[in-house]
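Have a look at the structure below before the remarks.
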Amino acid sequence: MSTAQPPNAAAEPASAAESASAADRPVDLAGIGIGPFNLSLAALAHGVPALRTAFYEQRPAFHWHPGLLIDGATIQVPFLADLVTLADPGSPWTFLQYLKAHERLFPFYVAERFHIERAEYDAYCRWVTERLPGLHFDHRVDAVRWDHEYELFEIDLTRLGPAADAPASDAAGTDAEGRALGRVYARNLVLGVGTEPYVPEPLRPLADAPNVPVLHSSDYLEHRERLLATGHVTVIGSGQSGAEVFLDLLRNRPLGAEGLHWMARTPAFAPMEYGKLGLEQFSPDYTRYFHTLPEPVRDQLLPRQWQLYKGIAHETLDAIHHELYRRALHADGWPGAVLTPGVTVRTAGRIAAAQLELHLEHTEQGTRARHTTEAVVLATGYRERRVDTLLAALDPYVRRDASERPRVDGDHRLVLDPMIKGSVYVQNAERHTHGVGTPDLGLAAWRSAVILNSLLAEPAYRLPSRTAFTAFGLQPSGRCGTVAGHPHLPDQRTALTSTRT
């Protein structure tokens with residue numbers, strides 16, 4: 001189903017003086033964070049006029065990994081894994097609609113490209129954010145509470161940016177710095193705050209120190225020119241980002257004086273699993289299967305699946321080998337680039353004004369060595385962004401597993417105390433319960449549709465009952481994402497048809 005008409009206007013943050021009246025007109029779903037996953041949810045919610053939604057993001061505009069939009073780098077999923085297509089191919093927010101709007105449908109057709117460049121995916125998402133109603137950038141969510149009187153979530157916001165620069169004396173809803181304070185109410189929440197760069201503990205002091213050339217790959221493009229002018233650069237990390245950074249540096253440094261070292265903990269610079277049956281582990285069927293497994297089994301399984309999401313695209317590995325061979329041929333010798341897998345960094349420090357020293361250990365050999373370099377790029381991945389402060393008031397109500405992680409049900413909802421009548425959904429924060437497909441763009445539209453369907457008395461999006469040829473267990477794992485009930489939300493669906501007065 002699709003509609004080109006915008007839904008009811010989303011609530012703007014109310015000042016403290018207006019908070020009581022704001023509780024009389026709550027939104028049905030408030031989103032915290034506007035990355036690809038919550039943007040997918042917002043786009044599909046646009047096709048459900050019965051739902052009032054609002055999404056808030058503290059950044060002034062949408063940007064998707066800007067530090068890694070390296071020229072020519074592609075996303076690792078087909079273009080059909082856009083924000084909406086796999087749930088609603090008739091939506092006005094598909095990638096093909098974006099191409100049509102920019103008069104590039106025929107060039108794209110002739111190009112026969114299944115995987116698009118990262119920069120184009122970023123531009124597509126920004127095109128959606130510039131046209132989709134209900135998105136509020138420059139809004140920082142400061143706290144979330146459950147209001148037992150109104151039976152609603154109470155969300156405190158700070159409105160940032162130029163629009164909030166009025167003097168504090170102009171309105172009761174501004175603070176001393178001229179930033180507008182506000183409050184909105186919502187029946188349900190969805191957290192899509194994304195991930196943050198992960199820096200291994202031995203390298204954290206150097207990465208945190210000012211003017212030390214140790215940076216995460218998420219900031220690569222900002223420092224690219226300086227890195228190209230640096231005598232020796234070390235790249236750490238065996239995933240796609242590490243491979244792309246290493247390849248870009250290799251291609252743009254002097255022939256015969258490459259001055260590069262690429263190292264990783266994994267036993268090899270391994271290709272990503274891209275066999276068709278292997279890719280079925282990124283299907284809704286596998287997600288449902290994984291969710292039914294016992295917690296200890298899930299915890300044992302995840303580390304063994306690293307090649308499903310931490311490997312490198314075959315094309316990137318081929319391009320690296322081709323560039324190394326070309327340089328060996330033209331320089332009449334081995335290029336000045338070293339690739340070393342199976343290595344961990346034990347400690348790190350500065351030994352001179354322009355030199356860094358890494359203390360290494362080779363896992364298989366059991367040997368140790370010192371490595372000197374002038375700059376380090378950490379392609380060491382991302383971790384779920386902590387929301388402890390944001391959700392501190394809700395923490396006593398969150399049910400946790402044996403490892404103190406939040407329990408998440410099949411509809412991507414936190415399992416909460418029955419006292420909380422609303423739902424808190426999570427996006428890209430449930431790998432421990434839903435498996436390797438959690439951060440995958442290919443499951444974004446399906447998960448968004450599951451969330452929306454669970455909010456409604458009748459499903460808005462018809463989802464397939466089967467999505468893979470593989471039967472992942474001897475017993476069916478059950479269907480997820482239709483109109484599954486929720487044991488402690490008996491009045492959730494009827495609440496969407498009436499507003500507290």
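What to note about this one:
- nm² value of the averaged projected area, convex hull over the Cα atoms of region 299-398: 11.8 nm²
- Each stretch of four or more DSSP H residues adds -39500 (n - 2.57); spread over every residue of the chain, this sum gives -7000 deg cm²/dmol at 222 nm.
- Once the chain from residue 315 to residue 117 is taken as fully extended at 0.36 nm per residue, the excess over their C-alpha distance is 69.9 nm.
- Kirkwood Rh in Å, taken over all unlike Cα pairs in region 220-262: 10.5 Å
- Between the alpha-carbon centres of region 245-285 and region 186-227 there is a gap of 20 Å.
- Approximate shape of the chain as ellipsoid semi-axes (Cα gyration tensor, √5λ), whole Å, largest first: 41, 27, 24
- For region 174-288, dividing the convex hull volume of the Cα atoms by the residue count gives 227 Å³ per residue.
- Placing a pseudo-label 7 Å from each Cα along the Cα-to-Cβ vector at residue 63 and residue 457 gives an inter-label distance of 4.6 nm.
- Expressed in units of 2.2 N^0.38 Å, where N is the residue count, the Cα radius of gyration of region 83-138 is 1.19.
- Calculated FRET efficiency for the pair residue 332/residue 398, C-beta based, R₀ 56 Å, to 0.05: 0.35
- Aspartates and glutamates with Cα under 18 Å of residue 276, excluding same-chain neighbours fewer than 8 positions away: 285, 315, 440
- Per residue accessible area in Å² of the chain, where ligands, DNA and RNA are left out and the probe is 1.4 Å: 47 Å²
- Net charge contributed by nearby residues that have their C-beta within less than 12 Å of residue 449 (K/R +1, D/E -1): 0
- For the chain, the fraction of 1.4 Å probe accessible surface lying on carbon and sulfur atoms is 54 percent.
- Shape analysis of region 249-362 places it in the oblate category; the axes a ≥ b ≥ c from the Cα gyration tensor give an a/c of at least 1.5, with a/b not above b/c.
- Antiparallel %, DSSP beta bridges [both residues in the chain], to 5: 55 percent
- Spin-label model distance (nm) - residue 374 vs residue 50, 7 Å beyond Cα toward Cβ: 6.5 nm
- Whole-angstrom gap from region 402-474 to region 332-351, using each part's C-alpha centre: 41 Å
- If you bin all the Cα-Cα distances of region 36-173 at 5 Å, starting from zero, the percentages per bin are 2, 8, 15, 18, 17, 14, 10, 7, 5, 3, 1, 0.
- Kirkwood-Stokes translational diffusion coefficient of region 338-448, alpha-carbon pairs, 10 °C, 1.306 mPa s, µm²/s: 88 µm²/s
- All aspartates and glutamates inside 18 Å of residue 421 as judged from Cα atoms, apart from same-chain residues fewer than 8 positions distant: 24, 28, 147, 149, 151, 154, 395, 409, 411, 491
- Projecting label points 7 angstrom from Cα along Cα→Cβ for residue 209 and residue 352 puts them 1.5 nm apart.
- Burial ranking of peptide ranges 198-206, 185-193 (average Cβ count within 10 Å, highest at the top): 185-193, 198-206
The values are calculated or read from the model by the stated rules, or taken from the named source; none is laboratory data. For clarity, every value in this text was computed on a predicted model and none was experimentally measured. All Cβ positions, even for glycine, are placed from backbone atoms using ideal geometry, and neighbour counts span all protein chains on display. Heavy atoms of the whole protein, side chains included, go into the accessibility calculation; ligands, DNA and RNA do not. Shrake-Rupley method; radii C 1.70, N 1.55, O 1.52, S 1.80 Å.
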